[in-house]
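Below is one structure, written out as structure tokens, with a few remarks after it.
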Amino acid sequence: MSIHWFPGHMAKAKRLLTENVKLVDVVVELRDARIPQASANPLLFPIVGGKPRIIVLAKADLADKEQTRAWVDYFEREEQTKAIALDGRDRKVVSRLLLPLIKDLAAPLVPRSKQGNFPLRPERCMVVGIPNIGKSTMINSLAGRATAKTGALPGVTRGKQWIKLSSGGELLDTPGLLWPKLEDPLVARLLAVTGAVGEAGFDPYELATWLLTHLAKYFPHLLVRYKLGEESVDLSGGELLEAVGRVRGCLVAGGNVDLSRAADLVLIDFRTGKLGPITLEVPPSRRNRDD
Ligand SMILES: Nc1nc2c(ncn2[C@@H]2O[C@H](COP(=O)(O)OP(=O)(O)OP(=O)(O)O)[C@@H](O)[C@H]2O)c(=O)[nH]1
Ligand SMILES: [Mg+2]
């Protein structure tokens with residue numbers, strides 16, 4: 001799916017998000033563990049303001065575990081921020097790790113009765129992120145099987161639907177949609193290669209040759225699937241793609257490689273994790289952060 005984000009769409013998304021953030025205690029911000037920075041929208045930070053946020057590195061099953069740990073450490077250094085990495089489809093893990101984290105961060109923010117110090121309402125959270133990042137999947141996992149919509153609550157904005165969580169808290173049933181930062185060409189490429197934004201103006205040949213060159217340089221061991229190894233660093237993207245096409249039988253009459261089929265195959269292999277776990281961005285060093 002590809003959404004064309006016009007200024008009007010962005011303004012509407014921003015307005016909705018600003019409205020909804022006011023209703024919750026904690027924001028669960030999804031990022032793609034393979035591209036934790038490119039899958040962000042910097043606009044979110046000022047909107048969330050001083051509220052605690054949990055950065056969830058979703059699709060962690062497709063990312064490099066060591067890099068994911070480094071990213072979690074990196075994000076946890078930010079104020080009011082917790083970070084966690086998981087496969088959003090795994091309901092058990094989501095309810096065991098993410099639900100208690102939401103509760104811990106939200107509970108102190110819930111207003112309490114003067115007498116008795118009882119919480120006056122359940123803890124509330126919402127899920128936000130760019131398209132295709134895994135928001136609906138995460139909402140379903142947080143909700144578990146026994147989803148109960150509580151409907152509009154007295155004293156709260158009319159028409160908002162809340163999902164009751166097994167922790168006792170509530171989850172806004174509509175995710176906050178953020179637009180991706182497509183004006184930055186490197187970010188757009190990373191989003192396109194991971195499948196977050198359709199092809200985003202790139203053609204599959206360009207994306208696949210870029211990806212193969214990147215893998216040959218940084219992760220040559222992942223190219224064994226295509227019977228390529230360390231030596232592939234000396235090949236151009238076009239040569240790498242041709243080699244892949246030959247090994248995987250993407251041939252046309254005359255024995256030539258069907259480069260467009262080979263490109264699609266490489267992109268599908270990468271997006272579905274068939275090449276192995278890969279992270280395409282490394283956390284900025286501390287020094288850069290403090291600059
Ligand atoms: N491997 C993997 N796939 C995931 C994970 N989370 C979501 N997906 C898949 O990613 C795709 C997009 O997930 P959705 O939950 O529909 O994403 P979304 O953010 O709601 O997308 P939009 O509603 O289009 O903005 C689906 O094919 C999911 O199965 C994850 O943690 N790991
Ligand atoms: Mg969705």
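Throughout, read-outs are computed from the coordinates displayed, never taken from laboratory work. These numbers were taken from a predicted model, which means no experiment stands behind them. Cβ atoms come from the backbone with ideal geometry, glycine included; neighbour counts cover every protein chain shown.
Using only helices, what value at 222 nm comes out for the chain when you add -39,500 (n - 2.57) per DSSP H run of length 4 or more and divide by the total residues, to the nearest 500 deg cm²/dmol? Before the final figure, lay out the partial values.
Numbers: 10 runs with 102 residues, N = 291.
Calculated at 222 nm, the ellipticity per residue is -10500 deg cm²/dmol.
Can you run phi through the Karplus equation (6.51, -1.76, 1.60; θ = phi - 60°) for region 67-80 and list ³J(HN,Hα) in whole Hz, with x for Gly and Pro?
With coefficients 6.51, -1.76 and 1.60, one gets 5, 5, 4, 4, 5, 4, 4, 4, 5, 5, 6, 6, 5, 6 Hz.
Say we join alpha carbon atoms closer than 10 Å with springs in a Gaussian network model of the chain; which of Leu44, Leu109, Leu120 then has the biggest fluctuation?
With Cα springs under 10 Å in the chain, the top fluctuation among Leu44, Leu109, Leu120 is at Leu120.
Just want to confirm a number: the relative contact order over region 203-271, from Cα pairs under 8 angstrom separated by 6+ residues, in percent.
36 percent.
Between Glu230 and Asp184, what is the label-to-label distance in nm when each label sits 7 Å out along the Cα-to-Cβ direction?
Placing both labels 7 Å beyond Cα along the Cβ direction yields 3.4 nm.
Just tell me the longest site-free run in the chain, where the sites are trypsin sites (Lys or Arg not before Pro) in a DSSP loop having at most 15 other beta-carbon atoms within 10 Å.
159-226
Around Ala243, under 15 Å between beta carbons, what's the net of Lys plus Arg minus Asp minus Glu among the other residues?
Working: positive: Arg225, Lys227, Arg246, Arg248, Arg261; negative: Glu230, Glu231, Asp234, Glu239, Glu242, Asp258, Asp269.
Here the charged neighbours net out to -2.
Determine which lysines satisfy two conditions relative to Lys274: a Cα distance under 21 Å, and not lying fewer than 8 residues away in the same chain.
Within the straight-line limit of under 21 Å, Lys274 reaches these lysines: Lys59, Lys65, Lys217, Lys227.
Spin-label point model (7 Å from Cα, Cβ direction): what's the Val282 to Lys92 distance in nm?
In this crude label model, Val282 to Lys92 measures out at 3.5 nm.
Which ³J(HN,Hα) values, rounded to whole Hz and listed in residue order, are derived for region 166-181 from phi using the Karplus coefficients 6.51, -1.76 and 1.60 in 6.51 cos²θ - 1.76 cosθ + 1.60 with θ = phi - 60°, glycine and proline given as x?
3J(HN,Hα) across region 166-181, in whole Hz: 5, 6, x, x, 10, 10, 5, 7, 9, x, x, 9, 10, 8, x, 8.
Which percent, to the nearest 5, of DSSP beta bridges fully inside the chain are antiparallel?
Here the antiparallel bridges make up roughly 25 percent for the chain.
Given an 8 Å cut-off on Cα distances and at least 6 residues of separation, report the relative contact order of region 7-181 as a percent.
Working: 318 pairs, mean separation 45.2, N = 175.
The value is 26 percent.
Where in the chain is the longest stretch that carries no GluC sites (Glu not before Pro) classed as loop by DSSP and with at most 13 other Cβ atoms within 10 Å?
Segment 184-291 is the longest.
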